[in-house]
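Participant: Supplied in structure tokens, the structure appears directly below.
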Amino acid sequence: MNIEAIRNQFPILHQTIRGKRLAYLDSAATTQKPIAVLESLQQYYSEKNANIHRGIHYLSETATQAYENTRIQVQQFLNAKEAKECIFVRGTTEAINLIAYCFGEACVGPDDEILISEMEHHSNIVPWQMMAKRKRAKLKFIPLNKQGDLDLSTLDELLSPRTKLLAITHISNAIGTLNPIKMIIDRAHAKDIPVLIDGAQAAPHFKIDVQALDCDFYTFSGHKIYGPTGIGVLYGKAHWLEKLPPYQGGGNMILKVSMHETQYNQLPDKFEAGTPNIAAVIALGSALDFLMNLDRDAIHQHEQKLLHLTQEMLSNFPGIQILGTPKERLALLSFTMAGIHSHDIASIVDQAGVALRAGHHCAMPLMDFFGVNATNRVSLGLYNNEEDIEQLARALEQVQSLFKGRIKEQKGQKEQIKG
């Protein structure tokens, strides 16, 4: 891979932050956007702007074609069987909420169970809690072990006759654990239990084949895969999407409406009520083009090389603890530094031009499991290079130097008070 050629496609990376080069290490929160995506957004609004599916004039037909072309690109990206199985939503959060509501309405009753894990993002916890409360169902959890892997020894027991659906993340957004998704899906399917996969952190980093996985639902967000914000994808097997009721009512999702009854549209329109984020969908197509024209295996190897470099670098710092030692970790990790709050660390390294995440990463149950309130997270994208990691190392040296001085000052003040 020619990393510099790739970096040149991302204008934002070539600015200085507080007088320093930008080392952007927060791609798990959102990725930066290549020129092709930026130009796609501008081109839509300057040359194609019109509502879709509702007009026979040139602009409407042009916008509709571009919008539906992206659906075909998504089908190819996920290797879905049919394009109609790919539904445009605002992001992974809305996709999971859609399934939690619609699946709950169609398939879940009192005392039924939904199975998730202790490492989930809040977006794959809260919607199920809401649904369980509404339907008087129960939420059960696959536990973690101390390494940060799922403890699958009790999976078959947890997949009970009352389990209606298993919803699980492909990669942990907080510690980077890569879950053995195919094995989990197979074990759930052995008991005729459908599976939803939160692919928000997986889709940017390696090829996803939903037919090979045989998952029933798969979700990802555009902004985490070098596309714009406010757009995402829900993949669902056609027979499930046809079975579920619509999520929202309005224009486009109907075939016929009277004052007393409505006949719903076919897939995928049934789940795309109202005017969608047309520009973002078209720009998502540009992002997928950009990504699929690269060597994705080489991207994966490059990101893993940087991840290992980051792990080695952090292990040389006294007082730094990396959360978890999972069997497989991809693209991100979280760490703590003894005696220093993660927000202080993020603020100081920001002065050195390093963009680093701080907090609970929308994974409070996982933080509780490891006994921490917050961590710093390093997350990588295809545009990162070794210089970014070196810049982070220098910034962390400044953090420890600064707090070493503060600790000495505090000790001196305490001795003065005693005297």
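Participant: List, please: which pairs have Cβ atoms under 7 Å, are six or more places apart or on different chains, and start with a residue in segment 139-150 that is aromatic (Phe, Trp, Tyr) and end with one that is not in a loop (DSSP other than H, G, I, E, B)?
Facilitator: 141/116; 141/117
Participant: Could I ask something else about it? Farther than 26 Å from residue 32 by Cα and modelled with pLDDT of 95 or more, is that true of residue 185? Can you show your working first?
Facilitator: On the way: farther than 26 Å from residue 32 by Cα: yes; modelled with pLDDT of 95 or more: yes.
The answer is yes for residue 185.
Participant: Residue by residue through segment 46-59, note down the ones that are closer than 16 Å to residue 283 by Cβ and either open to solvent by 50 Å² or more (accessible area, probe 1.4 Å) or in contact with a Pro (Cβ under 9 Å, 6 or more places away or on another chain) (or both).
Facilitator: Across segment 46-59, the qualifying residues are 46, 47, 49, 52.
Participant: Suppose we keep only residues that are open to solvent by less than 10 Å² (accessible area, probe 1.4 Å) and among the small types (Gly, Ala, Ser) within segment 222-233. Which one would you say is farthest from the chain's Cα centre (by Cα)? It would help to see each step written out before you state the result.
Facilitator: Keep residues of segment 222-233 that are open to solvent by less than 10 Å² (accessible area, probe 1.4 Å), which gives 222, 225-227, 231-233.
Among the residues that remain, those that are also among the small types (Gly, Ala, Ser) are: 222, 227, 232.
Details: 222: 9, 227: 12, 232: 10 Å.
Restricting to residues being open to solvent by less than 10 Å² (accessible area, probe 1.4 Å) and among the small types (Gly, Ala, Ser), the top hit is 227.
Participant: When segment 21-45 is examined, which residues are found to be more than 25 Å from the chain's Cα centre (by Cα), surrounded by 15 or more Cβ atoms within 10 Å (Cβ to Cβ) and in contact (Cβ under 8 Å) with a residue 60 or more places away in the chain? Lay out the reasoning, then the answer.
Facilitator: Initial filter on segment 21-45 (more than 25 Å from the chain's Cα centre (by Cα)): 21, 42-45.
Now restrict to residues that are surrounded by 15 or more Cβ atoms within 10 Å (Cβ to Cβ): 21, 43-44.
Correct list: 21, 44.
Participant: So which strands (runs of 3 or more DSSP E) are wholly in segment 173-273 and hold at least 1 residues that are more than 24 Å from residue 117 (Cα to Cα)? Spell out how you get there, then give the answer.
Facilitator: Values: elements: 195-198, 217-221, 232-236, 254-257, 262-264.
So the answer is 254-257, 262-264.
Participant: Still on this structure, please answer the following. Which residue pairs have Cβ atoms closer than 8 Å, lie 6 or more positions apart in sequence or on different chains, and pair a first residue in segment 314-327 that is within 15 Å of residue 372 (Cβ to Cβ) and among the hydrophobic types (A, V, I, L, M, F, W, C) with a second residue that is open to solvent by 40 Å² or more (accessible area, probe 1.4 Å) and assigned to a helix (DSSP H, G or I)?
Facilitator: Listed by first residue and then by second, the contacts come to 322/311; 322/315; 323/370.
Participant: Output yes when any residue across segment 90-98 is assigned to a loop (DSSP other than H, G, I, E, B), free of Cβ contacts under 8 Å to residues at least 60 places away in the same chain and open to solvent by 70 Å² or more (accessible area, probe 1.4 Å), and no when none is.
Facilitator: We begin by selecting, within segment 90-98, every residue assigned to a loop (DSSP other than H, G, I, E, B); these are 90-91.
In the following step, the residues that additionally are free of Cβ contacts under 8 Å to residues at least 60 places away in the same chain were identified as none.
No, segment 90-98 contains no residue that is assigned to a loop (DSSP other than H, G, I, E, B), free of Cβ contacts under 8 Å to residues at least 60 places away in the same chain and open to solvent by 70 Å² or more (accessible area, probe 1.4 Å).
Participant: Any idea how many residues of segment 356-373 are among the aliphatic types (A, V, I, L, M), over 19 Å from residue 204 (Cα atoms) and crowded, with 18+ Cβ neighbours inside 10 Å?
Facilitator: So the count comes out to 4.
Participant: Could I ask something else about it? Restricting attention to segment 290-313, which residues are buried (at least 18 other Cβ atoms within 10 Å of the Cβ), under 17 Å from residue 377 (Cβ atoms) and in contact with a helix residue (DSSP H, G or I) (Cβ under 8 Å, 6 or more places away or on another chain)?
Facilitator: Initially, segment 290-313 is screened for residues buried (at least 18 other Cβ atoms within 10 Å of the Cβ), giving 290-291, 299, 302-303, 306-307, 310.
Pick out the ones that are also under 17 Å from residue 377 (Cβ atoms) and you get 303, 306-307, 310.
Once the filter is applied, which keeps residues that are buried (at least 18 other Cβ atoms within 10 Å of the Cβ), under 17 Å from residue 377 (Cβ atoms) and in contact with a helix residue (DSSP H, G or I) (Cβ under 8 Å, 6 or more places away or on another chain), segment 290-313 yields 306, 310.
Participant: Looking at (1) open to solvent by 30 Å² or more (accessible area, probe 1.4 Å); (2) touching a helix residue (DSSP H, G or I) at 6+ places or on another chain (Cβ under 8 Å); (3) in contact (Cβ under 8 Å) with a residue 60 or more places away in the chain, which one does residue 331 not meet, given that it meets all the others?
Facilitator: Result: residue 331 fails condition (1) only.
Participant: In addition: Restricting the search to segment 184-193, which residues are open to solvent by 10 Å² or more (accessible area, probe 1.4 Å) and touching a residue at least 24 places away in the same chain (Cβ under 8 Å)?
Facilitator: Taking segment 184-193 first, the residues open to solvent by 10 Å² or more (accessible area, probe 1.4 Å) are 186-187, 189-192.
Answer for segment 184-193, where residues must be open to solvent by 10 Å² or more (accessible area, probe 1.4 Å) and touching a residue at least 24 places away in the same chain (Cβ under 8 Å): 186, 187, 189, 191.
Participant: May I ask you to list pairs of residues, at least six apart or on different chains, whose Cβ atoms are under 7 Å apart, with the first in segment 56-75 being over 20 Å from residue 91 (Cα atoms) and the second being surrounded by 19 or more Cβ atoms within 10 Å (Cβ to Cβ)?
Facilitator: 59/48; 60/52; 62/48; 63/48; 63/52; 63/278; 64/52
Participant: Here's another thing I want to ask about it. Go through segment 200-214 residue by residue and tally those that are under 17 Å from residue 333 (Cα atoms), open to solvent by less than 10 Å² (accessible area, probe 1.4 Å) and either of a type outside the set (A, V, I, L, M) or touching a Leu at 6+ places or on another chain (Cβ under 7 Å) (or both).
Facilitator: Qualifying residue count for the region: 1.
Participant: With respect to the numbered conditions (1) touching a Gly at 6+ places or on another chain (Cβ under 8 Å); (2) in a strand (DSSP E or B), which one is the sole condition not fulfilled by residue 326?
Facilitator: Among (1) touching a Gly at 6+ places or on another chain (Cβ under 8 Å); (2) in a strand (DSSP E or B), residue 326 violates only (2).
The values are calculated or read from the model by the stated rules, or taken from the named source; none is laboratory data. Since the model is a prediction, treat every value here as computed from it, not as a measurement. Glycine gets a Cβ as well: all are built from the backbone with ideal geometry, and neighbour counts include every protein chain shown. These area figures cover heavy atoms from the full protein model, side chains too; ligands, DNA and RNA do not enter into them. Shrake-Rupley method; radii C 1.70, N 1.55, O 1.52, S 1.80 Å.
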